[in-house]
Amino acid sequence: MRIRCITEHPNREQVRQLGTYYRPGKTIFPVNNGQQYTVLGIGTWDGVHWVEIETPTEDVVSVPLFLFEVVDGTPSHLWEIRVHEDGALTLWPTPFYDEFFHSRLSDDVPDAVAEFRALKQRMAEEDG
């Protein structure tokens, strides 16, 4: 799945929808207008759709889907769907469900970085 950023900032209605997930003047989404991103995962929390994308530093961040347009809506075959106790819905690759995967990736733990890079390669191969 590929998306293109159409705005770097939520509008007034979107800020309202984000509620406590957004603090005006403090929350910055690491996206660039016009840039395309591979969607690494997707989820819905409290009625807001979020996409997991990679930052330039090889971290994974959640960004509201309404900041983007969908360029290619084909979901990854690597995604697994789960419904959580709080009602959240996620379609993530299996490693993302490991409780500490994102922390280990952010901390540059070698096995997490290697697993992430292999995952990105498999997703790139899906895109052709």
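The values are calculated or read from the model by the stated rules, or taken from the named source; none is laboratory data. This one's a predicted model, so the numbers in the text were calculated from it and none came from an experiment. Counting neighbours? That spans all protein chains shown, and the Cβs are built from the backbone with ideal geometry, glycine included.
The table below lists the values:
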{"quantity": "Test: Pro110 is under 14 Å from the mean Cα position of the chain (by Cα) and either over 26 Å from Gly34 (Cβ atoms) or exposed (fewer than 13 other Cβ atoms within 10 Å of the Cβ) (or both)", "calculated": "no"}
{"quantity": "Hits in the range 45-83 (condition: outside any strand (DSSP E or B), closer than 25 Å to Tyr22 by Cα and at pLDDT 95 or above)", "calculated": "Leu65, Phe66, Leu67"}
{"quantity": "Residue ID - surrounded by the most Cβ atoms within 10 Å (Cβ to Cβ), chosen from residues in the range 11-25 that are in a loop (DSSP other than H, G, I, E, B) and either in contact with a helix residue (DSSP H, G or I) (Cβ under 6 Å, 6 or more places away or on another chain) or among the charged types (D, E, K, R) (or both)", "calculated": "Tyr22"}
{"quantity": "Hey, Gly43 surrounded by fewer than 18 Cβ atoms within 10 Å (Cβ to Cβ) and not polar (S, T, N, Q) or not", "calculated": "no"}
{"quantity": "Criterion: on the phi < 0 side of the Ramachandran plot and without any contact (Cβ under 8 Å) to a residue 24 or more places away in the chain - qualifying residue of Glu54, Glu99", "calculated": "Glu99"}
{"quantity": "First in the range 1-24 and free of Cβ contacts under 8 Å to residues at least 60 places away in the same chain, second anywhere and hydrophobic (A, V, I, L, M, F, W, C), Cβ under 6 Å, 6 or more apart", "calculated": "Glu8/Val31; Gln14/Phe66; Gln17/Val48; Tyr22/Val15"}
{"quantity": "Residue that is farthest from Gln121 (Cα to Cα) [pool: residues in the range 26-44 that are among the aliphatic types (A, V, I, L, M) and not in a strand (DSSP E or B)]", "calculated": "Ile28"}
{"quantity": "Only listed residue being touching a strand residue (DSSP E or B) at 6+ places or on another chain (Cβ under 8 Å) and touching a residue at least 60 places away in the same chain (Cβ under 8 Å), chosen from Glu69, Glu80", "calculated": "Glu69"}
{"quantity": "Residues of the range 30-40 that turn out to be of a type outside the set (Ser, Thr, Tyr) and surrounded by 17 or more Cβ atoms within 10 Å (Cβ to Cβ), as a count", "calculated": "3"}
